[in-house]
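Read the structure below first, then the notes.
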Amino acid sequence: MSRINVKVTDRGENAILAIKVAREITGLGLKEAKDFVDGTSTLTVTESDAEALTKGLGEVGAKVTLAEKSTSESNYDVLSVRSKQQNDIGPPRGFFQKIAGLFQGK
């Protein structure tokens, strides 16, 4: 799986639509998507997400540049954000055991 750095060079006339498109495709939060659309940050995404961002943002008038992932770090690595979000779902480990212990008088 190839990773691509994506940066917005021109957000176009309607920044709000561009932010909505970026959030929908990447799953980023509002602040991260706004930083991306404003051009102050770079995203690292898969090839398919890069194509979707280029197409979606192009439809709302924004322009993006694509570059192969280099050794320099991007501001937001979408793949790591997604995996972190998936791992953060649910209560912390041992939560239910502690609750059960309270009811059993332990």
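Throughout, read-outs are computed from the coordinates displayed, never taken from laboratory work. What you see is a predicted model, and the numbers here were worked out from it, not measured in a lab. Reconstructed Cβ throughout: ideal geometry from the backbone, glycine too, with neighbour counts over all protein chains shown.
Enumerate the amide H contacts of Arg3 below 5 Å, restricted to partners 5 or more residues apart or on another chain; note that Pro and chain-start residues carry no placed amide H.
Lys69
Net charge near Lys55, counting Lys/Arg +1 and Asp/Glu -1 over other residues with Cβ under 14 Å of its Cβ? All intermediate terms of the calculation are to be shown ahead of the outcome.
On the way: positive: Lys63; negative: Glu24, Glu47, Asp49, Glu51, Glu59.
Cβ neighbours under 14 Å give a net charge of -4.
Which order results if Glu13, Glu32 are arranged by neighbouring Cβ count within 10 Å, fewest first? Walk me through the intermediate numbers first.
Working: Glu13 10, Glu32 20.
Sorted ascending by nearby Cβ count, the order is Glu13, Glu32.
Provide Ser41, Ser48 in ascending order of the number of other Cβ atoms located within 10 Å of each residue's Cβ, fewest first. Before the final figure, lay out the partial values.
Details: Ser41 18, Ser48 12.
Result, fewest neighbours first: Ser48, Ser41.
For an R0 of 35 angstrom, estimate the FRET efficiency from the Cβ-Cβ distance between Thr46 and Asn14 and round to the nearest 0.05. Don't skip to the end; give the middle numbers.
Working: r = 26 Å, r/R0 = 0.74.
Given R0 = 35 Å and the Cβ-Cβ separation, E is 0.85.
Going by C-beta contacts inside 10 Å, put Leu53, Leu30, Leu17, Leu66 in order with the fewest on the left. Before the final figure, lay out the partial values.
Working: Leu53 25, Leu30 11, Leu17 18, Leu66 14.
Lowest count first: Leu30, Leu66, Leu17, Leu53.
How large is ³J(HN,Hα), in whole Hz, for each residue of region 21-36 in order, when computed from phi with the Karplus curve 6.51 cos²θ - 1.76 cosθ + 1.60 and θ = phi - 60°, using x for Gly and Pro?
Result, ordered by residue: 4, 4, 5, 5, 6, 9, x, 6, x, 4, 5, 5, 5, 5, 4, 5 Hz.
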